[in-house]
1. Tyr25 is checked against (1) within 30 Å of Met162 (Cβ to Cβ); (2) in contact with a helix residue (DSSP H, G or I) (Cβ under 6 Å, 6 or more places away or on another chain); (3) at pLDDT 85 or above and fails just one. What number does that condition carry?
2. Helices (runs of 4 or more DSSP H) wholly in segment 85-177 with at least 2 residues that are under 26 Å from Val194 (Cα atoms) - which ones?
3. Residues being surrounded by fewer than 20 Cβ atoms within 10 Å (Cβ to Cβ), part of a loop (DSSP other than H, G, I, E, B) and more than 9 Å from the chain's Cα centre (by Cα): count how many of those fall in segment 36-54.
4. Looking at Val152, Val168, Val209, which one is in contact with a Gly (Cβ under 7 Å, 6 or more places away or on another chain), surrounded by fewer than 16 Cβ atoms within 10 Å (Cβ to Cβ) and either within 18 Å of Met1 (Cα to Cα) or of a type in the set (Val, Ile, Thr) (or both)?
5. Give the number of residues within segment 6-60 that are touching a Ser or Thr at 6+ places or on another chain (Cβ under 9 Å), more than 27 Å from Thr214 (Cα to Cα) and hydroxyl-bearing (Ser, Thr, Tyr).
Amino acid sequence: MRILVVEDEQKVADALREGLEDERYDVVVERTGEGAFFRVNTETFDVVLLDLTLPGRDGLEILRALRQRRMETPVLVLTARDSLEDRVTGLDAGADDYLVKPFAFAELLARIRALVRRGRVADAPRLTVGDLEMDLVTRKVLRGGRPVDLTVREFELLEFLMRYQSQVVSRETLARDVWKETARTTPLDNVIDVHIARLRRKVDLEHGVKLIHTVRGVGFMLREGEP
């Protein structure tokens with residue numbers, strides 16, 4: 001599971017990385033608001049741990065921007081701001097949970113587990129985006145009520161895009177999480193592009209509303225309407 005830690009204090013960030021990696025989480029750390037904003041728009045994460053006081057973009061600004069883009073990644077705010085007004089502001093901006101510093105690491109882990117249980121799309125037996133439906137049990141895909149015949153790889157690719165709907169997914173992410181290629185010496189960009197093209201023909205060709213979009217220079221996004 002990938003966790004993005006957005007924390008500008010070096011000691012705190014290092015402690016969080018070390019502790020989470022000891023729990024076998026895949027951790028990415030960003031220390032500026034701008035860096036965090038770029039990460040969440042170009043990569044996929046299961047949980048974001050977000051400090052509010054950051055150089056560059058403020059944490060609340062990042063949070064509001066995520067929710068305006070309909071990104072549903074669970075966000076746990078970590079902050080020293082402990083007033084009731086601060087908590088309400090953070091939750092109203094789109095935070096899923098709020099933890100005041102200093103906190104016990106065991107409580108942080110419990111909060112992360114709770115967020116994943118509550119919000120993970122992966123636990124749902126059926127994924128839907130617009131009139132596109134995927135049944136993860138029967139492995140059947142329908143678009144507008146009509147079956148879509150997919151290969152095993154196309155199904156896996158579409159499933160990943162649907163799980164992270166409305167988020168930009170890079171080719172690097174697809175190579176790692178769909179193709180499971182982490183040690184390849186040459187990139188899979190051409191292979192991924194061919195599969196995306198085939199998938200787009202099967203999913204979008206006969207429909208007025210396109211779901212699979214290319215975000216030039218970044219990757220791909222699945223959503224109803226233009227990104």
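The values are calculated or read from the model by the stated rules, or taken from the named source; none is laboratory data. Since the model is a prediction, treat every value here as computed from it, not as a measurement. Note that each Cβ is placed from the backbone with ideal geometry, even for glycine, and that neighbours are counted across all protein chains shown.
1. Going through the list (1) within 30 Å of Met162 (Cβ to Cβ); (2) in contact with a helix residue (DSSP H, G or I) (Cβ under 6 Å, 6 or more places away or on another chain); (3) at pLDDT 85 or above, Tyr25 breaks only (2).
2. Of the helices (runs of 4 or more DSSP H) lying wholly inside segment 85-177, those with at least 2 residues that are under 26 Å from Val194 (Cα atoms) span 152-163, 171-177.
3. 1
4. None of the others qualify; the one that does is Val209.
5. Residues in segment 6-60 being touching a Ser or Thr at 6+ places or on another chain (Cβ under 9 Å), more than 27 Å from Thr214 (Cα to Cα) and hydroxyl-bearing (Ser, Thr, Tyr): 1 in total.
For (1) over 20 Å from Asn41 (Cα atoms); (2) in contact with a strand residue (DSSP E or B) (Cβ under 7 Å, 6 or more places away or on another chain); (3) among the small types (Gly, Ala, Ser), each residue gets a yes or a no:
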position	(1), (2), (3)
Val152	yes, no, no
Glu159	no, yes, no
Val168	no, yes, no
Arg171	no, yes, no
Leu174	no, no, no
His195	yes, no, no
Leu205	yes, no, no
Lys210	yes, no, no
